[in-house]
Amino acid sequence: MQDSIILTFRILSAGLVLISIIPMIRNEFWMYRIVEFPRAQKWILNFVLLLLYGYYVFPFEFWDGVFIGMLSLNLIYLSYQIYPFLPIAQKQIQSVSSEEQPSIRLLIFNVYQYNDQYEKLTKLVLQYEADVIILVETDTEWKEKCLEGFGDKYPFKILEDRENTYGMLLFSKLELQNTQVRYLIKDHIPSVVTEIILEGGRTIKLFALHPEPPVPSESRFSTERDAEILMVGKEAARDNLPVIVAGDLNDVAWSYTTELFLKVSELLDPRRGRGFYNTFHAKHFWARWPLDHVFCSGHFRLQQMKRLPASGSDHFPIFIQLHLAPVEDDAEAFKAEQKDVERAEEKIEKGTAG
């Protein structure tokens, strides 16, 4: 009995360490990328396994000491990985009062195309009174229900409904100009870039996107997703206006691609130093990670950020209010080295080759 317990602990320990190391391999096959997602879950499993191993197997034999050592080092490594998103870590974006003006309130939501609880979204929209709403996975039925529920409150609209789970709707109370609907990688996946005129007349740039996820049912490789994210990052870095990038990126906040995006774009992540704000999966409390994002340039300060209640989708909506400050902050943005620029160019070239 004791031998079987020891064997079980050794197998579990080796497996957990392995799935912690796999994301270091820069392979774009979906299995390598998906194991990046459950970072907090791996930390919890590692901590519990370490405690149980020590309780049930002590005193240790040599190989048990080896596996305990592996788990201990892995726990330190995972702690290092999740630390930037804990409330005790340094914030990339400073907080200011919600009364500061000018500000912009955004609501981002992957509605899940086959979700028919339209009234829940309408209720949230009316409650939070967002200036800009970005909805993805929106088909014709979703478009009609949104127009019926709150369309009259939003004079500026971009309606790119699709029946392929890549529809995108954008509603704005603020004036939009120089709007483009683009197909950066595939001709059935739209993204939006537009300028928004805030109250007081200042202009900002918004990029809204929803790239293809690296899952077998969609794409077995992350190549095209990575390319779309990095293309937007490069464009954001070149823009002279204050920039916001928002949407369901189908990637977690701590992945190699997202960190490369932050380096290339020099944008900031409001979650750092505040929490994970896990938006997926809304129906499984034990398997949640942040797939829906808002990144912004150093011109902005955070006024509030909330994960909103589940509304029938497999994603939670997220609400954020940002203040456009008089001057750009000298924030702790990631800086791209030459190797990062070359790697980004390589991934973009590879993703757009087809």
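Read the figures in this text as sums done on the coordinates, not as results from a lab. In this text, all values refer to a predicted model and were calculated from it rather than measured experimentally. Ideal geometry is used to build each Cβ from the backbone, glycine not excepted, and the neighbour counts take in all protein chains shown.
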* Among GLN101, GLN81, GLN127, which one moves the most in a GNM of the chain with springs linking Cα atoms closer than 10 Å? -> GLN127
* Structure fact -> Inverse of <1/r> over all distinct C-alpha pairs of segment 98-237, i.e. the Kirkwood Rh in Å, gives 15.9 Å
* Relative compactness, the chain, computed as alpha-carbon Rg over 2.2 N^0.38 Å -> 1.06
* Asked: How big is segment 41-163 by the Kirkwood estimate over distinct Cα pairs, in Å?
  -> 19.3 Å
* Structure fact -> So for R0 = 22 Å, FRET eff. of SER98-GLU129 from the Cβ-Cβ r, to 0.05, ends up at 0.95
* Return one quarter of the surface area of the convex hull spanned by the alpha-carbon atoms of segment 274-321, equal to its mean projected area, in nm². => 3.6 nm²
* Asked: Out of LEU12, PRO59, HIS315, whose Cα points farthest toward the positive end of the dipole of the chain (charges: +1 Lys, Arg; -1 Asp, Glu; placed on Cβ)?
  -> PRO59
* Sparsely packed GluC sites (Glu not before Pro) within segment 105-171, loop by DSSP, other Cβ within 10 Å at most 13 -> GLU129, GLU163
* To do: Return the FRET efficiency for the residue pair GLU148, TYR114: r is the Cβ-Cβ distance, R0 is 22 Å, and the value is rounded to the nearest 0.05.
  => 0.70
* Which value in nm describes the separation of the simple spin-label points at TYR83 and LYS306, placed 7 Å from the Cα toward the beta carbon? -> 3.3 nm
* Past the 20 Å Cα-Cα mark, which pairs from LYS120/LYS306; LYS123/LYS205; LYS91/LYS283; LYS123/LYS173; LYS186/LYS350? -> LYS123/LYS205; LYS91/LYS283
* DSSP-loop trypsin sites (Lys or Arg not before Pro) across segment 1-107, with at most 11 other Cβ within 10 angstrom -> ARG26
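Please report, in cubic angstrom per residue, the volume enclosed by the convex hull of the alpha-carbon atoms of segment 1-89.
Per residue, the Cα convex hull of segment 1-89 comes to 104 Å³.
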* Asked: Mind checking the dipole of segment 2-85: about its Cα centre, +1 per Lys or Arg Cβ, -1 per Asp or Glu Cβ, Debye to the nearest 20?
  -> 280 debye
